Amino acid sequence: AWGGGSLAMSDSNLLNLSDIVVILGALCFLTGYFLTQKGRGRKRSQAFLFEWRFSATLKMAVLFWGIGFLFMLAYDTKASIYYVPEYVYGLPTGVASNLRMLAPLGAMMLIYLAIRDYSPKLVWTVLITIMTVEFLFGFIVSSKEISFRISVLLLLALFFIKGRVSYKIIGTMLLVSIPYLLFFNAYRMQIMEGKFADPAAAFEQFDKNLDLIRKKASQQEDVTGSSLDSLRQRIDGKVYIDIIVGGTSAGTAPLLYGETLKLFFSSFIPRVLWPQKPNISTGQMFNQAFNLSASRYTFVPTTQLGDLYWNFAVPGVVVGMTLMGMLFARLGGMMADGAQLTLPRFIIMMLCTYFLAIRFEGNIAAQYSTVIRLVVLMWLVDRFLRFMGASRRPVKTPANSATAAVIENQVSAKVQSGLSRR
(Lines give C-alpha, C1' and ligand atoms only; values in the text may rest on other atoms or scores of the structure.)
Protein backbone atom coordinates (compact mmCIF):
# COMPACT_ATOMS: atom_id res chain seq x y z
CA ALA A 1 0.00 0.00 0.00
CA TRP A 2 2.98 2.26 0.49
CA GLY A 3 4.28 4.14 -2.51
CA GLY A 4 8.00 3.54 -2.12
CA GLY A 5 9.11 1.01 -4.67
CA SER A 6 12.64 1.16 -3.24
CA LEU A 7 11.59 -0.94 -0.26
CA ALA A 8 11.03 -4.56 -1.25
CA MET A 9 10.02 -6.90 1.55
CA SER A 10 9.96 -10.08 -0.55
CA ASP A 11 13.23 -11.30 0.96
CA SER A 12 12.26 -13.96 3.50
CA ASN A 13 15.40 -13.28 5.52
CA LEU A 14 14.24 -9.72 6.19
CA LEU A 15 10.80 -10.94 7.21
CA ASN A 16 12.36 -13.53 9.52
CA LEU A 17 14.56 -10.85 11.06
CA SER A 18 11.52 -8.65 11.61
CA ASP A 19 9.72 -11.52 13.38
CA ILE A 20 12.79 -12.13 15.53
CA VAL A 21 12.90 -8.44 16.47
CA VAL A 22 9.26 -8.53 17.60
CA ILE A 23 9.71 -11.72 19.64
CA LEU A 24 12.98 -10.48 21.12
CA GLY A 25 11.36 -7.19 22.10
CA ALA A 26 8.50 -8.99 23.85
CA LEU A 27 10.88 -11.31 25.71
CA CYS A 28 13.06 -8.40 26.85
CA PHE A 29 9.99 -6.51 28.08
CA LEU A 30 8.78 -9.50 30.08
CA THR A 31 12.27 -10.11 31.46
CA GLY A 32 12.59 -6.54 32.67
CA TYR A 33 9.06 -6.63 34.09
CA PHE A 34 9.34 -9.84 36.10
CA LEU A 35 12.88 -9.19 37.35
CA THR A 36 11.86 -5.76 38.65
CA GLN A 37 8.67 -7.14 40.17
CA LYS A 38 10.56 -9.94 41.91
CA GLY A 39 13.23 -7.57 43.21
CA ARG A 40 10.62 -5.20 44.58
CA GLY A 41 8.86 -7.88 46.61
CA ARG A 42 5.72 -6.99 48.57
CA LYS A 43 6.78 -3.52 49.60
CA ARG A 44 3.75 -1.24 49.89
CA SER A 45 3.85 2.10 48.12
CA GLN A 46 2.93 5.37 49.81
CA ALA A 47 2.51 7.29 46.55
CA PHE A 48 -0.81 9.05 45.88
CA LEU A 49 -2.62 7.54 48.86
CA PHE A 50 -5.06 10.44 49.28
CA GLU A 51 -8.48 10.13 47.69
CA TRP A 52 -10.01 13.28 46.16
CA ARG A 53 -13.43 14.36 47.36
CA PHE A 54 -16.35 13.91 45.00
CA SER A 55 -17.42 17.54 44.63
CA ALA A 56 -13.88 18.75 43.89
CA THR A 57 -13.26 15.89 41.46
CA LEU A 58 -16.50 16.43 39.52
CA LYS A 59 -15.85 20.17 39.12
CA MET A 60 -12.26 19.54 38.07
CA ALA A 61 -13.28 16.82 35.60
CA VAL A 62 -15.76 19.10 33.83
CA LEU A 63 -13.27 22.01 33.88
CA PHE A 64 -10.41 19.90 32.52
CA TRP A 65 -12.49 18.36 29.76
CA GLY A 66 -14.04 21.73 28.83
CA ILE A 67 -10.65 23.47 28.54
CA GLY A 68 -9.17 20.53 26.65
CA PHE A 69 -12.06 20.38 24.21
CA LEU A 70 -11.94 24.12 23.55
CA PHE A 71 -8.31 23.77 22.49
CA MET A 72 -9.21 20.66 20.47
CA LEU A 73 -11.81 22.73 18.64
CA ALA A 74 -9.32 25.48 17.90
CA TYR A 75 -6.35 23.25 17.07
CA ASP A 76 -7.75 20.13 15.40
CA THR A 77 -10.09 22.04 13.08
CA LYS A 78 -7.23 24.19 11.75
CA ALA A 79 -4.23 21.85 11.85
CA SER A 80 -3.63 19.58 8.88
CA ILE A 81 -0.77 17.71 7.26
CA TYR A 82 -0.14 20.85 5.20
CA TYR A 83 -0.44 23.50 7.88
CA VAL A 84 -0.02 23.83 11.65
CA PRO A 85 -1.05 27.16 13.22
CA GLU A 86 1.64 29.03 15.15
CA TYR A 87 -0.77 30.27 17.81
CA VAL A 88 -4.05 29.01 19.28
CA TYR A 89 -6.06 31.44 21.41
CA GLY A 90 -2.91 33.58 21.55
CA LEU A 91 -0.81 30.74 22.97
CA PRO A 92 2.06 29.01 21.18
CA THR A 93 1.01 25.85 19.36
CA GLY A 94 3.07 23.62 21.66
CA VAL A 95 1.28 24.92 24.75
CA ALA A 96 -2.11 24.64 23.07
CA SER A 97 -1.37 21.10 21.94
CA ASN A 98 -0.53 20.11 25.52
CA LEU A 99 -3.69 21.75 26.86
CA ARG A 100 -5.70 19.52 24.52
CA MET A 101 -4.58 16.61 26.71
CA LEU A 102 -6.71 17.98 29.57
CA ALA A 103 -9.74 16.50 27.77
CA PRO A 104 -8.80 12.83 28.30
CA LEU A 105 -7.76 13.66 31.88
CA GLY A 106 -11.21 15.05 32.60
CA ALA A 107 -12.80 12.01 30.95
CA MET A 108 -10.74 9.67 33.14
CA MET A 109 -11.96 11.46 36.27
CA LEU A 110 -15.59 11.13 35.16
CA ILE A 111 -15.11 7.45 34.31
CA TYR A 112 -13.69 6.79 37.77
CA LEU A 113 -16.61 8.54 39.46
CA ALA A 114 -19.13 6.70 37.27
CA ILE A 115 -17.74 3.21 37.90
CA ARG A 116 -17.36 3.93 41.62
CA ASP A 117 -21.07 4.95 41.68
CA TYR A 118 -20.59 8.52 42.90
CA SER A 119 -23.93 10.18 42.02
CA PRO A 120 -24.27 7.73 39.11
CA LYS A 121 -27.16 9.40 37.26
CA LEU A 122 -25.44 12.78 37.10
CA VAL A 123 -21.97 11.46 36.32
CA TRP A 124 -23.11 8.94 33.69
CA THR A 125 -25.19 11.62 31.98
CA VAL A 126 -22.18 13.94 31.75
CA LEU A 127 -19.90 11.10 30.64
CA ILE A 128 -22.21 9.86 27.88
CA THR A 129 -22.69 13.45 26.68
CA ILE A 130 -18.96 14.13 26.28
CA MET A 131 -18.49 10.66 24.75
CA THR A 132 -21.06 11.54 22.07
CA VAL A 133 -19.50 14.96 21.47
CA GLU A 134 -16.01 13.50 21.00
CA PHE A 135 -17.35 10.72 18.78
CA LEU A 136 -18.89 13.24 16.37
CA PHE A 137 -15.97 15.65 16.62
CA GLY A 138 -13.50 12.88 15.79
CA PHE A 139 -15.37 12.15 12.57
CA ILE A 140 -15.36 15.82 11.58
CA VAL A 141 -11.62 16.26 12.14
CA SER A 142 -10.84 12.86 10.61
CA SER A 143 -9.52 11.27 13.82
CA LYS A 144 -10.65 7.76 14.73
CA GLU A 145 -8.70 8.00 17.96
CA ILE A 146 -10.73 10.95 19.24
CA SER A 147 -13.99 9.24 18.28
CA PHE A 148 -13.32 6.05 20.23
CA ARG A 149 -10.94 7.33 22.92
CA ILE A 150 -13.41 7.54 25.80
CA SER A 151 -14.86 4.11 24.97
CA VAL A 152 -11.36 2.60 25.13
CA LEU A 153 -10.66 4.41 28.40
CA LEU A 154 -13.93 3.06 29.82
CA LEU A 155 -12.90 -0.49 28.91
CA LEU A 156 -9.55 0.00 30.65
CA ALA A 157 -11.18 1.50 33.72
CA LEU A 158 -13.59 -1.41 34.14
CA PHE A 159 -10.64 -3.77 34.07
CA PHE A 160 -8.61 -1.78 36.61
CA ILE A 161 -11.50 -1.13 39.01
CA LYS A 162 -13.80 -4.12 38.57
CA GLY A 163 -11.23 -6.63 37.34
CA ARG A 164 -13.32 -7.66 34.33
CA VAL A 165 -13.56 -7.09 30.60
CA SER A 166 -16.85 -5.67 29.33
CA TYR A 167 -17.76 -7.69 26.26
CA LYS A 168 -20.89 -5.55 25.86
CA ILE A 169 -18.78 -2.46 25.29
CA ILE A 170 -16.44 -4.34 22.96
CA GLY A 171 -19.39 -5.67 20.95
CA THR A 172 -20.98 -2.23 20.78
CA MET A 173 -17.72 -0.67 19.60
CA LEU A 174 -17.35 -3.30 16.87
CA LEU A 175 -20.93 -2.80 15.68
CA VAL A 176 -20.51 0.98 15.62
CA SER A 177 -17.10 0.82 13.98
CA ILE A 178 -18.40 -0.98 10.86
CA PRO A 179 -20.62 1.84 9.53
CA TYR A 180 -18.33 4.43 11.11
CA LEU A 181 -15.23 3.24 9.25
CA LEU A 182 -17.22 2.88 6.03
CA PHE A 183 -18.20 6.56 6.03
CA PHE A 184 -15.00 7.69 7.78
CA ASN A 185 -12.72 6.31 5.07
CA ALA A 186 -14.94 7.78 2.34
CA TYR A 187 -14.99 11.15 4.12
CA ARG A 188 -11.22 11.19 4.56
CA MET A 189 -10.73 10.32 0.89
CA GLN A 190 -13.11 13.12 -0.09
CA ILE A 191 -11.13 15.59 2.04
CA MET A 192 -7.87 14.53 0.39
CA GLU A 193 -9.33 14.66 -3.10
CA GLY A 194 -10.90 18.06 -2.42
CA LYS A 195 -7.55 19.35 -1.12
CA PHE A 196 -9.20 21.31 1.67
CA ALA A 197 -6.83 23.50 3.67
CA ASP A 198 -8.03 22.08 7.00
CA PRO A 199 -10.91 20.06 8.55
CA ALA A 200 -12.86 23.26 9.21
CA ALA A 201 -12.89 24.09 5.48
CA ALA A 202 -14.09 20.59 4.67
CA PHE A 203 -16.84 20.82 7.30
CA GLU A 204 -18.11 24.07 5.79
CA GLN A 205 -19.04 22.03 2.71
CA PHE A 206 -20.26 19.06 4.70
CA ASP A 207 -23.62 18.81 2.91
CA LYS A 208 -21.94 18.63 -0.48
CA ASN A 209 -19.31 16.20 0.78
CA LEU A 210 -21.97 14.04 2.43
CA ASP A 211 -23.70 13.38 -0.89
CA LEU A 212 -20.42 12.28 -2.47
CA ILE A 213 -19.62 10.14 0.57
CA ARG A 214 -22.96 8.35 0.31
CA LYS A 215 -22.31 7.56 -3.36
CA LYS A 216 -18.82 6.22 -2.63
CA ALA A 217 -20.06 4.21 0.34
CA SER A 218 -22.89 2.67 -1.68
CA GLN A 219 -20.38 1.48 -4.28
CA GLN A 220 -18.29 -0.42 -1.74
CA GLU A 221 -18.61 -4.19 -1.58
CA ASP A 222 -18.20 -6.39 1.49
CA VAL A 223 -18.69 -3.44 3.83
CA THR A 224 -18.22 -5.48 7.02
CA GLY A 225 -15.08 -7.20 5.78
CA SER A 226 -13.45 -4.02 4.51
CA SER A 227 -14.31 -2.11 7.69
CA LEU A 228 -12.92 -4.83 9.96
CA ASP A 229 -9.82 -5.11 7.77
CA SER A 230 -9.31 -1.36 8.12
CA LEU A 231 -9.64 -1.74 11.90
CA ARG A 232 -7.16 -4.62 11.92
CA GLN A 233 -4.61 -2.60 9.97
CA ARG A 234 -5.03 0.24 12.45
CA ILE A 235 -4.33 -2.05 15.40
CA ASP A 236 -1.56 -4.13 13.81
CA GLY A 237 1.65 -2.11 13.76
CA LYS A 238 4.00 -4.88 12.66
CA VAL A 239 4.00 -3.67 9.06
CA TYR A 240 5.91 -0.57 10.20
CA ILE A 241 8.49 -2.71 11.99
CA ASP A 242 8.85 -4.79 8.80
CA ILE A 243 9.53 -1.60 6.86
CA ILE A 244 12.15 -0.31 9.32
CA VAL A 245 13.96 -3.64 9.70
CA GLY A 246 13.90 -4.30 5.97
CA GLY A 247 14.82 -0.74 5.01
CA THR A 248 17.79 -0.40 7.36
CA SER A 249 19.04 -3.89 6.47
CA ALA A 250 18.80 -3.14 2.74
CA GLY A 251 20.47 0.27 3.11
CA THR A 252 17.35 2.23 2.15
CA ALA A 253 17.77 4.34 5.29
CA PRO A 254 20.67 4.49 7.78
CA LEU A 255 20.45 3.90 11.52
CA LEU A 256 19.84 7.11 13.46
CA TYR A 257 21.98 6.39 16.55
CA GLY A 258 19.72 8.24 18.95
CA GLU A 259 18.51 11.10 16.72
CA THR A 260 14.80 10.55 17.35
CA LEU A 261 15.30 9.46 20.97
CA LYS A 262 17.03 12.77 21.79
CA LEU A 263 13.78 14.53 20.87
CA PHE A 264 12.45 13.40 24.25
CA PHE A 265 14.80 15.80 26.03
CA SER A 266 14.37 18.66 23.56
CA SER A 267 10.58 18.40 23.88
CA PHE A 268 10.73 20.02 27.32
CA ILE A 269 12.43 23.16 25.99
CA PRO A 270 9.80 25.83 25.18
CA ARG A 271 9.70 26.84 21.53
CA VAL A 272 9.85 30.47 22.69
CA LEU A 273 13.41 29.76 23.81
CA TRP A 274 14.18 27.56 20.80
CA PRO A 275 12.22 28.76 17.72
CA GLN A 276 13.86 26.14 15.47
CA LYS A 277 13.08 23.26 17.81
CA PRO A 278 12.47 20.10 15.72
CA ASN A 279 9.05 18.49 15.60
CA ILE A 280 8.76 15.81 18.27
CA SER A 281 6.62 13.59 16.05
CA THR A 282 8.71 11.50 13.65
CA GLY A 283 5.84 10.43 11.36
CA GLN A 284 6.81 12.65 8.42
CA MET A 285 10.50 11.90 8.92
CA PHE A 286 9.75 8.16 8.74
CA ASN A 287 7.62 8.62 5.64
CA GLN A 288 10.28 10.64 3.82
CA ALA A 289 13.24 8.47 4.85
CA PHE A 290 11.63 5.26 3.60
CA ASN A 291 9.69 6.81 0.68
CA LEU A 292 6.36 5.43 1.94
CA SER A 293 3.78 7.88 0.61
CA ALA A 294 3.31 9.99 -2.48
CA SER A 295 2.84 12.98 -0.16
CA ARG A 296 5.82 14.06 1.91
CA TYR A 297 3.41 15.54 4.46
CA THR A 298 1.82 12.21 5.43
CA PHE A 299 2.51 10.98 8.98
CA VAL A 300 3.36 7.27 9.25
CA PRO A 301 3.85 5.79 12.74
CA THR A 302 7.10 4.03 13.60
CA THR A 303 5.89 2.20 16.73
CA GLN A 304 8.08 2.35 19.81
CA LEU A 305 9.74 -0.96 18.95
CA GLY A 306 10.47 0.28 15.43
CA ASP A 307 11.81 3.52 16.87
CA LEU A 308 14.30 1.57 19.00
CA TYR A 309 15.42 -0.57 16.06
CA TRP A 310 15.75 2.43 13.72
CA ASN A 311 18.16 4.03 16.17
CA PHE A 312 20.34 1.17 17.43
CA ALA A 313 19.12 -2.01 15.69
CA VAL A 314 18.99 -5.15 17.87
CA PRO A 315 20.97 -3.69 20.84
CA GLY A 316 18.48 -0.83 20.96
CA VAL A 317 15.57 -3.27 21.09
CA VAL A 318 17.19 -5.33 23.87
CA VAL A 319 18.05 -2.37 26.10
CA GLY A 320 14.98 -0.27 25.32
CA MET A 321 12.33 -2.97 25.75
CA THR A 322 13.98 -4.23 28.94
CA LEU A 323 13.85 -0.72 30.39
CA MET A 324 10.19 -0.41 29.35
CA GLY A 325 9.39 -3.65 31.17
CA MET A 326 11.17 -2.40 34.28
CA LEU A 327 9.26 0.87 34.11
CA PHE A 328 5.86 -0.83 33.84
CA ALA A 329 6.71 -3.16 36.72
CA ARG A 330 7.73 -0.20 38.85
CA LEU A 331 4.59 1.74 38.01
CA GLY A 332 2.40 -1.30 38.62
CA GLY A 333 4.03 -1.87 41.98
CA MET A 334 3.50 1.73 43.02
CA MET A 335 -0.03 2.26 41.73
CA ALA A 336 -1.64 -1.20 42.00
CA ASP A 337 0.12 -2.89 44.91
CA GLY A 338 -2.99 -4.18 46.67
CA ALA A 339 -3.69 -0.99 48.61
CA GLN A 340 -6.98 0.83 48.09
CA LEU A 341 -7.17 2.34 44.62
CA THR A 342 -7.38 6.12 44.69
CA LEU A 343 -8.31 8.47 41.87
CA PRO A 344 -4.76 9.82 41.25
CA ARG A 345 -3.37 6.25 41.20
CA PHE A 346 -6.09 5.23 38.79
CA ILE A 347 -5.38 8.15 36.45
CA ILE A 348 -1.63 7.48 36.39
CA MET A 349 -2.24 3.81 35.55
CA MET A 350 -4.65 4.86 32.82
CA LEU A 351 -2.23 7.42 31.39
CA CYS A 352 0.64 4.96 31.21
CA THR A 353 -1.49 2.16 29.77
CA TYR A 354 -3.15 4.36 27.18
CA PHE A 355 -0.20 6.41 25.95
CA LEU A 356 2.62 3.88 26.39
CA ALA A 357 0.84 0.60 25.59
CA ILE A 358 -2.33 1.19 23.54
CA ARG A 359 -0.67 4.03 21.62
CA PHE A 360 2.45 1.91 21.12
CA GLU A 361 2.41 2.91 17.45
CA GLY A 362 3.69 6.39 18.34
CA ASN A 363 7.36 7.23 18.68
CA ILE A 364 9.02 7.11 22.11
CA ALA A 365 9.80 10.81 22.49
CA ALA A 366 6.22 11.94 21.85
CA GLN A 367 4.47 9.37 24.03
CA TYR A 368 6.78 9.44 27.03
CA SER A 369 7.11 13.23 27.16
CA THR A 370 3.31 13.52 27.10
CA VAL A 371 2.93 11.05 29.98
CA ILE A 372 5.56 12.81 32.08
CA ARG A 373 3.86 16.18 31.65
CA LEU A 374 0.48 14.77 32.63
CA VAL A 375 1.86 12.84 35.62
CA VAL A 376 3.57 15.98 36.91
CA LEU A 377 0.28 17.84 36.48
CA MET A 378 -1.53 15.14 38.47
CA TRP A 379 1.08 15.39 41.24
CA LEU A 380 0.60 19.17 41.44
CA VAL A 381 -3.20 18.82 41.51
CA ASP A 382 -2.96 16.14 44.20
CA ARG A 383 -0.76 18.38 46.36
CA PHE A 384 -3.07 21.34 45.85
CA LEU A 385 -6.16 19.38 46.88
CA ARG A 386 -4.40 18.06 49.97
CA PHE A 387 -3.41 21.61 50.88
CA MET A 388 -7.00 22.78 50.40
CA GLY A 389 -8.40 19.91 52.44
CA ALA A 390 -10.25 18.51 49.42
CA SER A 391 -8.74 15.04 49.73
CA ARG A 392 -8.49 12.45 52.48
CA ARG A 393 -6.40 9.40 53.35
CA PRO A 394 -8.60 6.34 52.76
CA VAL A 395 -9.45 3.93 55.57
CA LYS A 396 -6.95 1.09 55.70
CA THR A 397 -8.29 -2.36 54.86
CA PRO A 398 -6.70 -5.73 55.67
CA ALA A 399 -4.39 -6.83 52.87
CA ASN A 400 -4.30 -10.37 51.49
CA SER A 401 -7.27 -11.59 53.56
CA ALA A 402 -10.54 -13.21 52.52
CA THR A 403 -12.59 -10.43 54.13
CA ALA A 404 -10.61 -7.52 52.66
CA ALA A 405 -12.85 -7.08 49.62
CA VAL A 406 -16.02 -7.18 51.72
CA ILE A 407 -14.72 -4.66 54.24
CA GLU A 408 -13.44 -2.38 51.47
CA ASN A 409 -16.86 -2.42 49.78
CA GLN A 410 -18.57 -1.53 53.06
CA VAL A 411 -16.13 1.28 53.76
CA SER A 412 -16.38 2.54 50.18
CA ALA A 413 -20.18 2.61 50.38
CA LYS A 414 -20.09 4.67 53.58
CA VAL A 415 -17.49 7.05 52.17
CA GLN A 416 -19.40 7.54 48.93
CA SER A 417 -22.60 8.22 50.83
CA GLY A 418 -20.86 10.86 52.91
CA LEU A 419 -19.08 12.45 49.96
CA SER A 420 -22.26 12.59 47.89
CA ARG A 421 -23.92 14.70 50.58
CA ARG A 422 -21.08 17.22 50.34
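The values are calculated or read from the model by the stated rules, or taken from the named source; none is laboratory data. Being a predicted model, the structure only gives us computed values, none of them experimental. Here Cβ is always computed from backbone atoms with ideal geometry, including for glycine, and neighbour counts include all displayed protein chains. Note: areas computed on protein heavy atoms with side chains; ligands, DNA, RNA excluded. Shrake-Rupley method; radii C 1.70, N 1.55, O 1.52, S 1.80 Å.
Numbers below:
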item: Principal axis box of region 16-91, alpha-carbon based, largest edge first, Å; result: 48, 46, 17
item: In nm, spacing of pseudo-spin labels at residue 279 and residue 176 (7 Å Cα→C-beta vector); result: 3.0
item: Compactness of region 281-328 - radius of gyration and Dmax, Cα, Å; result: 12.7, 40
item: Accessible area in the full protein assembly, largest first, 1.4 Å probe, for 59, 78, 168; result: 168, 59, 78
item: Kirkwood-Stokes translational diffusion coefficient of region 66-184, alpha-carbon pairs, 10 °C, 1.306 mPa s, µm²/s; result: 103
item: Residue-level accessible surface for residue 133, protein heavy atoms, 1.4 Å, Å²; result: 50
item: Estimated vicinal HN-Hα couplings, Hz - region 108-123 in sequence order (Karplus 6.51, -1.76, 1.60; Gly, Pro = x); result: 4, 4, 5, 4, 4, 4, 5, 5, 7, 6, 7, 6, x, 4, 5, 5
item: Accessible-area order (highest first, 1.4 angstrom probe) of the listed residues 76, 19, 307; result: 19, 76, 307
